[in-house]
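Input: a single structure, listed below in C-alpha cells.
The values are calculated or read from the model by the stated rules, or taken from the named source; none is laboratory data. Because the structure is a prediction, the values reported are computed rather than measured. Reconstructed Cβ throughout: ideal geometry from the backbone, glycine too, with neighbour counts over all protein chains shown. Keep in mind that these areas ignore ligands, DNA and RNA; they rest on the heavy atoms of the full protein, side chains included. Shrake-Rupley method; radii C 1.70, N 1.55, O 1.52, S 1.80 Å.
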Amino acid sequence: MARLSASRLRQARLWLLLVGVRSRWQLRLALAPRRWTWYAAVVSFLLGLAGLVSTPLGSVPALLAGLAGVLLSVILLAPEWAALRRGSVALVRSRTPPAPPVVAPAGLVQLPTDPGEVAWCRPDVDEALRDADADYLWSADRHVLPKRVAAHTGAILAARVRRGTMFNGRLIRQDDELTPELLRSGEVRLSGTDYYSLICSNYLVGWRVVDRRTGAVHLDGSRLPYAEDGRLLTLTESRLANVIGVSTLAVTTDRKLVLGWQQPKATVSGGGLAAPAGSGSVDLIDVHDRPAGESFVEFLAAAMRRELMEESHLAPRQLGRTWVLGYFRWLNRGAKPEYVGLTMLDVSSDDLHGTDVRLVETPYVQRLTVDCPIDLERLRRDPDSLDCLPEDVAAGASMPLYMALRALGAALRRNDELARHLRGPSAGSRTGEPSHDAG
C-alpha cells in the first residue's frame with residue numbers, strides 16, 4: 001500500500017485548504033441569487049457603519065440617524081444570517097430506496113457485503129457492448145432539473161456543504177437509455193450538467209427534504225428515479241442529472257489489481273471502501289478534442305483511462321489496452337448510468353511500489369493498493385462472488401468494484417481474446433500504441 005509521504009502530506013494540507021476556499025466560494029456564488037436579502041443586509045450594514053464613523057461628533061441628529069441605520073441593518077441581518085446558516089429545510093434520512101419491478105432481460109444485483117446497495121442491469125446490453133458500433137452526439141446545452149427539484153437546490157446545497165468539502169464542475173449527462181439496438185447502429189445523446197445538479201437530484205436518493213418549521217416533506221429523493229407506478233424511469237424519460245460514471249479495473253503484468261481506497265469522509269460515496277483505481281465521472285474534458293468518427297465505446301474507454309491516470313498517478317505509457325465490459329444503473333445513486341471496464345497495464349506491481357495518490361485526488365482517495373491479488377479462475381467460475389479477492393478487500397468492496405469484477409468474470413466466459421490477455425505470460429506487456437475496445 002502506498003501512502004502519502006511527510007512532504008506530500010504537508011502539500012496535501014495546503015491543497016485541501018485551497019480546495020476548501022474554492023468550495024465555499026462556488027457555493028456562495030450558487031446561493032447568491034437565492035439569498036439576495038442577505039447580501040443587501042450586509043451592504044446596508046456596511047454603509048450605515050461608514051456613515052456613522054464619518055459623522056461629526058457635534059451633529060447629534062446625524063449621529064442618531066447613523067445609529068438607527070446600523071441598528072436596523074443588524075435587525076435585518078440577524079434573521080438572514082440564521083436562515084443562511086440553518087437553512088429553511090432539513091435533510092432527513094429516508095427508508096431504504098424502493099426496488100423497481102423488473103422484466104427480463106433486466107435484473108437487480110445486490111452488493112454481497114451490503115444488500116442495501118442495488119444495481120439495475122441488462123446482460124444483453126453487456127453482451128452488445130462487445131461489438132458496439134454506436135456513435136455519440138454531444139449537445140452543449142445545459143440540462144435543467146425539474147422545477148420541483150430546482151426549487152430546493154439552494155437549501156439542499158446549504159445543507160450538504162456541512163457534510164464535507166465539495167466543489168462544482170462540468171460533467172456529462174447521458175440522455176438516452178442504452179439498449180442492444182441502440183448500441184448496434186444508433187447514436188447516444190449526451191449533454192452538459194454539473195456536480196451541484198448531481199448532488200441535488202441523483203444523490204438525493206435516501207434523503208427527504210423536510211420543512212424545518214412545519215415538518216412537511218417537500219421532496220422525497222428516493223422517489224425521483226421512479227414513475228408513479230413504481231417503474232424505473234428510463235434515462236430518456238428521467239430529468240435528473242444522470243451523470244455518466246466510469247470505472248476500470250487496472251491489472252498489472254503480474255496479475256495484480258490496483259485499487260483506490262476512498263476517503264472515510266467522502267461526501268456522498270461510501271467512504272473507506274475499495275474502488276477500481278480508475279473510478280469517477282465523465283466530465284467536459286472528455287468531450288473536448290476527441291478524434292472525429294470516434295464511437296461511443298471508444299469515448300467511454302478514453303474517459304476510463306483519463307480517470308485511471310488521474311486517480312492512480314499513472315502515465316499514458318504505462319497503460320495498455322482497455323475493454324468496456326459492462327453497464328448498470330446504480331439505484332442508490334438515483335439510477336445514474338455506470339460503465340465498467342478493464343485496463344491492462346504495461347508495468348508490474350513492483351514497478352508501482354511507492355506510488356502516491358495524486359495531490360488533487362487526496363480529498364477523495366486516501367491511499368492506493370498496487371498489489372491486490374485476484375483469482376481469475378475463481379472469478380470466471382463464479383462472477384457473482386467476491387471470493388476472488390482477499391477477505392479484507394472483499395469486505396470493503398464498493399459497488400463499482402463489485403460490478404466491474406462481475407462484468408469481468410462474465411466476459412472471461414465469452415471472450416477468448418480477453419482471457420488470453422489475462423492468462424498469457426506476456427499479457428498486457430508492451431502492446432505498442434494503447435487501444436480502446438469493448439469486451
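In whole Å, what is the distance between the alpha-carbon centres of segment 168-216 and segment 272-336? One Cα centre to the other: 18 Å.
Just the number please: accessible area per residue for segment 259-328, 1.4 Å probe, all protein chains included, in Å².
Values: 2330 Å² over 70 residues.
For segment 259-328, the per-residue accessible area is 33 Å².
Per-atom-type breakdown for segment 232-316 gives carbon and sulfur 52% of the accessible area (1.4 Å probe, protein chains only).
Hey, can you find the accessible area per residue of segment 110-209 for me, probe 1.4 Å, expressed in square angstrom?
The answer is 41 Å² per residue.
Using a probe radius of 1.4 angstrom, the carbon and sulfur fraction of the accessible surface of segment 91-191 is 51%.
Simple spin-label estimate for D124 and A104 gives 1.1 nm between the two label positions (7 Å along the Cα-to-Cβ direction from each Cα). Extending 7 Å from Cα along the Cβ direction at R189 and again at D384 yields two label points whose distance is 3.6 nm. Stretching the chain fully between R255 and A419 yields a gain of 57.8 nm (0.36 nm per residue, less the alpha carbon separation). Solvent exposure of segment 330-412 amounts to 32 Å² per residue of accessible area, where only protein heavy atoms count and the probe is 1.4 Å.
Contact order for segment 205-302, expressed relative to its length and based on alpha carbon pairs under 8 Å spaced 6+ residues apart, stands at 18 percent.
A Förster distance of 60 Å, applied to the separation of the beta-carbon atoms of H288 and A68, puts the FRET efficiency at 0.60. Straightening the chain between E237 and D375 buys 45.6 nm, computed as 0.36 nm per residue apart minus the Cα-Cα spacing.
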